[in-house]
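For reference, the structure is listed below as structure tokens.
Taken together, the values in this text are just the output of simple stated rules run on the coordinates, not laboratory data. Computed from a predicted structure; not experimentally measured. Cβ placement follows ideal geometry from the backbone for every residue including glycine, while neighbour counts extend to all protein chains displayed.
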Amino acid sequence: MLCPDEVRELASEILCEFKSHKPVLDAKVTVEYLFAIATEEDAPAIMVGGYPALGMCRIVGEKDRAKGCKDVEITIDREWWNGAEREEQKALLDHELHHISVVEGKRDSNGRPKIRLRKHDVQIGWFREIAARHGQHSQERQQAKSLIDDWGQYFFPEIVGPQQPDRVLAFPAVAKG
Ligand SMILES: [Zn+2]
């Protein structure tokens, strides 16, 4: 189902508040906001790559755009949304919007902006048992170490402590294309 106006309004607020979304506004990317509702009890409302998710962002294909659909579709788990605090809702919506990466100066055959899905900075796939079995030789442990060493201030501020200026410089710039 389509999301109520409060979601659309919060999204507009986010798009204007954070500079990284400027290309999305400049290219006039249109976004449809949908709520997903689980059809069975205990079944996740949204699955992404085989895993349950609270939200997802999808680029609408040219054919559907030609039929009048918007450029991007953001789907949110309605049950989660209704139980979440506003700041949590805002963070999730900002995450989904951050997936939208406008290919500057390029348009599709409908004259709509070309968009790519921005990938996550961190994508984790770990087995607890493999970390236990192989310790420091496992990718699980090695990745966990780099995550703390390189980006600990972002993801584990309670462990790593306050922001270090030199670490900020090591953070890659937001992709443009
Ligand atoms: Zn994501």
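Would you please give the residues with an amide H less than 5 Å from that of Ile46, counting only those at least 5 places away or on a separate chain, with H modeled from the backbone geometry?
Amide H neighbours of Ile46: Ala53.
Quick one: Karplus J couplings for region 154-160, per residue in order, coefficients 6.51, -1.76, 1.60, θ = phi - 60°, nearest Hz, x for Gly and Pro?
Computed from phi, the couplings for region 154-160 are 7, 9, 10, x, 5, 8, 7 Hz.
Run the numbers for His120 and Ser146: contour at 0.36 nm per residue of separation, minus the present Cα-Cα distance, in nm. Don't skip to the answer; put the middle values down first.
Numbers: separation 26, 0.36 × 26 = 9.36 nm, distance 1.58 nm.
Working it through step by step, the gained length comes to 7.8 nm.
Give, rounded to the nearest 20 debye, the magnitude of the charge dipole that region 8-53 has about its Cα centre when Lys and Arg contribute +1 at Cβ and Asp and Glu contribute -1 at Cβ.
Dipole of region 8-53, to the nearest 20 debye: 380 debye.
Tell me the label-point distance for the pair Lys63, Ile37, using the 7 Å Cα-to-Cβ offset, in nm and rounded to one decimal.
My value for the distance between the label points is 2.9 nm.
For Arg118, which sequence-distant residues (separation of 5 or more, or a different chain) have an amide H within less than 5 Å of its own amide H, given hydrogens modelled in the peptide plane?
Correct list: Ile100, Ser101.
Using the Karplus curve 6.51 cos²θ - 1.76 cosθ + 1.60 with θ = phi - 60°, work out ³J(HN,Hα) for each residue of region 90-98 in order, rounded to whole Hz, and write x for Gly and Pro.
Along region 90-98, the couplings run 5, 5, 5, 5, 5, 4, 5, 5, 5 Hz.
Among Arg58, Arg65, which comes first, then next, by fewest other beta-carbon atoms within 10 Å? Walk me through the numbers on the way to the answer.
Details: Arg58 15, Arg65 19.
So the residues, fewest neighbours to most, are Arg58, Arg65.
In debye, nearest 20: dipole of the chain around its Cα centre with unit charges on the Cβ of K, R (+) and D, E (-)? Please list the in-between numbers first.
On the way: 25 positive and 30 negative charges, 214 e Å.
For the chain, the charge dipole is close to 1020 debye.
Please list the non-local residues whose amide H lies under 5 Å from the amide H of Val29, H modeled 1.01 Å from N, same-chain partners needing a gap of 5 or more.
Close amide H contacts, sequence-distant or interchain: none at all.
Any idea what diffusion coefficient the chain gets from Stokes-Einstein, in µm²/s, Kirkwood Rh on alpha carbon pairs, 10 °C, 1.306 mPa s? List each step's numbers first, then the result.
Numbers: Rh = 18.6 Å.
The calculation lands on 86 µm²/s.
Would you kindly derive the ³J(HN,Hα) couplings of region 115-129 from the backbone phi angles with the Karplus curve 6.51 cos²θ - 1.76 cosθ + 1.60 (θ = phi - 60°), listing them in order in whole Hz, with x for Gly and Pro?
10, 10, 8, 6, 7, 4, 5, 10, 10, 10, x, 10, 10, 4, 5
Tell me, Thr39, Thr75 in order of fewest to most beta-carbon neighbours within 10 Å? Mind showing how you got there, number by number?
Working: Thr39 7, Thr75 21.
Final ranking by Cβ density, sparse to dense: Thr39, Thr75.
At q = 0.18, 0.22 Å⁻¹, what is the log10 ratio I(q)/I(0) for region 80-164, with the Debye formula run over Cα points and no solvent?
Log-scaled intensity ratios, in q order: -0.99, -1.07.
Counting only DSSP beta bridges with both residues in the chain, tell me the antiparallel percent, nearest 5.
On the way: 12 of 18 bridges.
Counting DSSP beta bridges with both partners in the chain, the antiparallel share is about 65 percent.
What distance in nm lies between label points placed 7 Å from Cα along the C-beta direction at Gln136 and Leu25?
4.9
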